[in-house]
Amino acid sequence: MLRALRMLLLWSVVLFGTLVIAEKQAGDDPGEVTYLESVDAEPKTTILFPWFTEAVGVVLFFLLTRYFKALPYTACMFVIGMAMGIGAERTLNGDLLTTSILQWTQIDSEVLLIVFLPGLTFPDAFDLNVSLFLKAFWQIFNLAFVIVLAGTALSACVAYFLFGYGWSFNLCMTFGAILSATDVAAVAALMSSLGAPPRLQMHIGGESMLNDGSSFVFYTIFSAMFLTELGIDGLGETMNLRQGIAIFFREGFGAAAYGIAFGLGLTFFLYKLDRKLDDSENVVQIVAMITVAYLAYYTADISGCSGVISVVATGITAKAYGYSMLNDNKLREQFWAIVEQLLNTLLFTLAGVVWGSIIGGSVSSGDFKVRDWGLLFMNYVLLNVIRYFLLFAFFPLDSRIGLGTNWQETFFSGFAGLRGAVGISLALSLYNLVFEATDEADGTNNKLYQKQVTQLFGQVGGIVFLTLVVNGTLAGPLLKKLGLAKSPEARTRLLKQLEKHLEKHMLDNFIKLLADPRFQGVSLPIIQSHVPYLKNFSVDEIKAACERNPKYTPNLSGILPYLDTAGHDMSWANVKPSETRTPLLFDDIKGMSSTDKDEKEDIIELRHFFLELLSTIYNRQLDDGGLDGRDGFVAYSLLQSIDFASSDIDKGMPLDDWGLTHVVDKYFTAHWAERGAKICENIVNKKLCCIHYSKNRVGDDRAHTFEYKKLKIKVLRAISFLEAHRQARKIFIDVLSDSSKVNANEQSVLDESTAEMREAQKELDGVDNEDFKIIQSHLFCEIYLNKGAHYGKELLVKGVLLDKEASSYLDEIGTLLTSVKYCSLMDEGEATTAASKKVVESLQSEKDSHDVAASKKMSESE
């Protein structure tokens, strides 16, 4: 709770600072500020604002995930947009970014809705649990239609009687409809991570999804009635109660019919695109989904029905009948995550731009004055009061139908009513529509209507911001306080059992890696200094892991000297030190015979085949940590050598990929790498190092010199090269040979590979033993920790870990990988000291935790 309050205080400082900047920019006579001025510019300038915004979003995401995890992303983008809006409104200096911003603020209202709403609504509908949704339908219908209509009317009364803006009742009802649309994306992720009851997640998620549609229908009805007040021909529609009800049923049920039809059509396409092993067909399935989503919205919209309800019905129908026909569900999840990230980033920034342009003029003669700020906070409080009043008024009914509910879930549902994407889209649409219509028409009240929709958007934007910041930040602590998160005690006991399983799995990975030819004789102290999971295992545990993995024969020569082996029979252990640093690399060609004659075309094709195998293996090493794409051009030089070698092979030349790594190094990387490294070295010497570097830089400074970096690159490249050739040779022989026999062409390719491997081995042989062991042991740590990260993701997919638990585990792995990357330990003595220190700290931490728990238990018993 204290952390949440600190976040609210930080937001207050940010908002206050933005307003101070706005006041300073406004000066003494800012003039009338009601709308960003019209601008004539080349159409291509339009592309700048959205992609500049996405670039800012990437930087912001990095900062939030590393340093400010409690701050909501969309609220931050809203603030950034607000600052951009203030700047654009005040400068208007004609630069390209300002011009692009002005173009986007004048986007056509219909285009605005059709760009954002289908892409943000469809994935939520498709992710719905259809079975729970059907059971809870009448509860959700009550929440999304009956309560939304009542909330719209009460919110309209607040605006009509308390604001004093002089709004007509139709505009007040439009305002209430806009604020009825809830957006629980942030809260939904929170509930999932904390293990909230499925019933609560269905009520909140289902309500949010359906009330997007109902609020859109109410908005359409009341905004049409308001627009008739402008007196512009062809704008708006007059209707009585009977006509309004007819429009409601037409828009609601008509849109649902369209959605069901499009959902069934999408299901048909998913059924026909059944080549699951064809990646391109899997992609086309996803293309079909987004195509149908946008067509469903457009078709319903031009037919006079609700596009949002149509998209929702499409998503639910497709989920019910077509989910099992998806070829690659992971691809679907990743695609829609990208779409939502792009659209939310742009939408909330655009809303912030318009809101910033409004509040930027509030200091003097603009349309959002000090009084409006007071009304904003009053409106925020009253909206929460109205929502709680309606939820508890219908509580006796909701608790007896559908899935039922309790007061704790109802209380949290009231607090979780954040406003977001749909409300912002509707408010922006009305804002732009009124300005477009009144700018082109003659009328004495045009300025008044512009001022009114400016006030409306100012209130909506402020409510969205406050609910994201206040409700979004405090939702987690409230969920725990109400006892709706999974029981910490029960979950802790379960995690203790899982921890034992994880330790066993990690020890198995340890044994498997020790059997890898790359890691003969690695240093246990160095490994333990970076990997806490291996800090305290015994000989018996090592033996048990070997028995669980009989296919692997680990070399324990670098491990057992640091363990207590007294009284243990060690005859089972392989402790013979390897004679070379990369043993067993050439055993795959023993006993082979040659047949057939050499043919030039065949051998060229075989060489290309071998290079393709190497390329695939290098990419696999990038994935499992065997290669670091950011570490000294190692991966770059190896992959580029494949491309160079392929070109040489076409000319009839033999394999020379090891020699070509040095060519790449010489002509493409070494010169610039050396210059850059020396600059960085100078910066480090002046103590201007980066945050990660300074946090993890300990021990011998030689580890950070350019000479040592070059040595590290040399060793890592040779190890990766030898391992790739070893694996490629095995696949090459298994696929092409028969009974361990190869023909002359195949033997020639293997001989060329052997020659290349010997050259790489010579380079390794020239490295000092201690330096080699240190680099080798750190590479071991990187691969081992990456395997642990992959297993953590696997447990998340299987449902064993919750989102928050998996995120915490992966963050810990990431921190450990960073410590490996910037490690300065240059000998085993330093590593032993560091590992011992970590063990002591861990034991002390466990003791402190035990003491605290015992003290708490004693105080409770008293």
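The values are calculated or read from the model by the stated rules, or taken from the named source; none is laboratory data. These numbers come from a predicted model, not from an experiment. Cβ placement follows ideal geometry from the backbone for every residue including glycine, while neighbour counts extend to all protein chains displayed. Note: areas computed on protein heavy atoms with side chains; ligands, DNA, RNA excluded. Shrake-Rupley method; radii C 1.70, N 1.55, O 1.52, S 1.80 Å.
Couple of notes before you dig in:
- Loop-resident GluC sites (Glu not before Pro) (DSSP state other than H, G, I, E or B) in the range 480-563 with no more than 14 further Cβ atoms inside 10 Å of their Cβ are absent.
- Taking only protein heavy atoms and a 1.4 Å probe, the accessible area of the range 292-425 is 67% carbon and sulfur.
- For Leu342 and Phe137, a Förster radius of 25 Å and the Cβ-Cβ distance give a FRET efficiency of 0.20, rounded to the nearest 0.05.
- The alpha carbon gyration tensor of the range 530-577 gives principal lengths a ≥ b ≥ c with a/c below 1.5, which makes the shape rounded.
- Computed extension gain for Phe61 through Val735, at 0.36 nm per residue and net of the alpha carbon distance, reaches 238.1 nm.
- Contour excess over end-to-end distance, with Cα ends at Arg242 and Arg620 and 0.36 nm allotted per residue: 129.5 nm
- In the range 248-318, trypsin sites (Lys or Arg not before Pro) in a DSSP loop with at most 13 other beta-carbon atoms within 10 Å: Arg275, Lys276
- Residue-span extension gain [Glu281 to Ser808] - 0.36 nm each, minus C-alpha spacing: 186.2 nm
- The reciprocal of the average 1/r between distinct C-alpha atoms defines the Kirkwood hydrodynamic radius, which for the range 285-352 equals 13.3 Å.
- Think of a 1.4 Å ball rolled over the protein heavy atoms: the range 502-544 then has 30 Å² of accessible area per residue.
- Placing a pseudo-label 7 Å from each Cα along the Cα-to-Cβ vector at Lys496 and Phe161 gives an inter-label distance of 5.8 nm.
- Convex hull projection area averaged over all views, the range 51-189, Cα basis, nm²: 12.1 nm²
- Solvent-accessible area per residue, Å², over the range 166-299 with all protein chains present [probe radius 1.4 Å]: 42 Å²
- In order through the range 137-148: 3J(HN,Hα) via Karplus (6.51 cos²θ - 1.76 cosθ + 1.60), integer Hz, x for Gly, Pro: 4, 5, 5, 5, 4, 5, 5, 8, 10, 5, 5, 5
- Cβ-Cβ distance of Phe392 and Glu547, R₀ of 51 Å, FRET efficiency by 1/(1 + (r/R0)^6): the value works out to about 0.25.
- Here the accessible area of the range 55-136 is 68 percent carbon and sulfur, with a 1.4 angstrom probe and all protein chains present.
- Cα gyration tensor, the range 388-529 - rounded (a/c under 1.5), prolate or oblate: oblate
- Each of Asp439 and Ser192 was given a label point 7 Å from its Cα along the Cα-to-Cβ line. The distance between the two points is 4.0 nm.
- Whether the range 190-345 is rounded, prolate or oblate, judged on the alpha carbon gyration tensor where a/c under 1.5 counts as rounded: prolate
- Think of each Lys and Arg Cβ as +1 and each Asp and Glu Cβ as -1; about the Cα centre, that makes the dipole of the range 72-223 roughly 360 debye.
- Residues within the reach of a label modelled at Trp572 (point 7 angstrom out along Cα to beta-carbon, backbone nitrogen below 14 Å), restricted to the range 536-552, are 538-552.
- Amide H partners (placed H, <5 Å) of Asn574, local residues excluded: Leu556
- Seen from all directions on average, the range 121-280 presents a Cα convex hull projection of 13.6 nm².
- What a 1.4 Å probe finds exposed on the range 504-557 is 45% carbon and sulfur by accessible area, rounded to a whole percent.
- Which listed pairs, of Lys651/Lys714; Lys714/Lys821; Lys712/Lys762; Lys480/Lys504, have C-alpha distances above 21 Å, in listed order: Lys651/Lys714; Lys480/Lys504
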